[in-house]
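Notes follow once the structure below has been shown.
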Amino acid sequence: MTPLTDAQIRASFINATRREVSNANLPDLDALRWDRLDYLGWRDRKAPLVAYVVIELDGEPTGIMLRAADRSGHPHRKAMCAWCEDVVETEDVGLFTARRGGAPGRKGDSIGTLICGDFRCSLNVRRTPTATEAGSSSAEIGELILADRVAGLRERATAFVAEVARTR
């Protein structure tokens, strides 16, 4: 992912009010390994049920604000992230919803999906394939599996953000 500035991130949001954007607590941008990110995702330190994702959509950074489902008082269930589709990391996957952009969002329309709660999808897709996934294949097969995972993550995450942006 191309490194972004605070101003670029704040200007990228398509489904948040100016107040929500100005109140967003951004992560430490200097500490990020941008070259290993397929999207930038984080939870707000001061409002843990609020999260943000910024992804490159049509060559431009596009940000969305998400709300996590409150799981307090509910038994924890394992689930698979719809973005990284990792079958190993299933403990911290939860439902996140996003208001749609534009007029539909102002009317209350939203869309939801299951995402890793700590937004570590980029790390998950880059883990070494298990023996079940790769068998006793060569290193080349492992690299193809990783490339396929990364491409799939980018495709699914971009499709979700594009759907949030869709105003018809």
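The values are calculated or read from the model by the stated rules, or taken from the named source; none is laboratory data. Every value quoted in this text rests on a predicted model; they were computed, and no experiment measured them. Using ideal geometry, Cβ is built from the backbone for each residue, glycine included, and neighbour counts are taken over all protein chains shown.
What's the number of the only condition in (1) surrounded by fewer than 13 Cβ atoms within 10 Å (Cβ to Cβ); (2) touching a residue at least 24 places away in the same chain (Cβ under 8 Å) that PHE13 fails to meet? All conditions are met except number (1). Residues in segment 129-150 that are without any contact (Cβ under 8 Å) to a residue 40 or more places away in the chain, closer than 27 Å to HIS76 by Cα and not acidic (Asp, Glu): PRO129, THR132. Applying the condition of being under 18 Å from ARG127 (Cα atoms) and of a type in the set (D, E, K, R) to segment 22-47 and asking which residue is surrounded by the most Cβ atoms within 10 Å (Cβ to Cβ) yields ASP38. Checking each residue in segment 54-110 for being of a type in the set (Val, Ile, Thr), over 17 Å from GLU20 (Cβ atoms) and buried (at least 17 other Cβ atoms within 10 Å of the Cβ) picks out ILE55, VAL93. The sole residue among GLU155, GLU143, GLU163 that is at pLDDT 90 or above, charged (D, E, K, R) and surrounded by fewer than 13 Cβ atoms within 10 Å (Cβ to Cβ) is GLU155. The condition (being at pLDDT 95 or above and under 20 Å from GLY117 (Cβ atoms)) is satisfied by just one residue among LEU40, LEU4: LEU40.
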